[in-house]
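Everything on this sheet refers to the single structure shown next.
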Amino acid sequence: MSAVADGSSLQVSCLNVLTRWQPPGPEQAELRRDYLAHLEARPAGWSRECAGAHLTASSLICSLDVSQVLLTLHARLGRWLQTGGHLESTDRSLEDAALREAREESGLHNLQLDPRPLLLSRHEVPCGLVRPTFHLDVQFLVVADPALTPSVSAESTDVRWFSREELPPIDDSVAQLIQAASTRLAA
């Protein structure tokens, strides 16, 4: 079985990305320590088959000046969110998983992913057989041209570009992600 097929190279990728990442503050540094401990204790801590918690990869898609943000209305949760989802054993890296999910959920293909995570977000989700189950989300920044027309995926009921001044109702985690993208792109 190849390293990609058994997921070991994906495990290594996740560990490497998180080890190299410089968290923007103490809360994010603690989440990083928790994610690394999770991965070090579980050989497939990235997999949705990992009971209780597993990594996910998401991406905030925005314009270069962050004046436009692409969000998807998640079909099951009924909330406007960034694109993202589970890692697959066929993903070569954590970054590839984030980009795959961004393409699948937006219908856009001309995307530029910053390989450095923006933020980490640990949140309880209604998936898996064990309750509670947590997504250990690694959130990336993706830049795209807002003139591109997105398309709705099977996982959402809507996907569209929003002006930062006219965002739909979003939760704090999405607002924090938009602010982090703005800070990074202004640097």
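What follows is calculated from the coordinates using simple rules that are stated; it is not laboratory data. Every value quoted in this text rests on a predicted model; they were computed, and no experiment measured them. Cβ placement follows ideal geometry from the backbone for every residue including glycine, while neighbour counts extend to all protein chains displayed.
Quick look at the numbers
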read-out	value
Distant-in-sequence amide H partners of THR56 (H built 1.01 Å from N, under 5 Å)	LEU136, ASP137, VAL138
Only Lys, Arg (+1) and Asp, Glu (-1) charged, at Cβ; the range 3-186 dipole about Cα centre in debye	240
In degrees, nearest ten, helix 8-20 long axis to first principal axis of the chain (Cα)	60
The chain: angle of helix 172-186 to the longest principal axis, Cα-based, in degrees nearest 10	80
Inter-centroid distance (Cα atoms) of the range 9-63 relative to the range 89-106, Å	15
The range 3-186, relative contact order in percent, only Cα pairs under 8 angstrom and at least six apart counted	27
Angle between the chain longest axis and helix 26-41 axis [Cα atoms, degrees, rounded to 10]	40
Once the Cα gyration tensor of the range 122-187 is diagonalised, semi-axes √(5λ) in Å	25, 18, 12
Net charge contributed by nearby residues that have their C-beta within less than 11 Å of LEU31 (K/R +1, D/E -1)	-1
DSSP-defined beta bridges in the chain - what % are antiparallel, rounded to 5	70
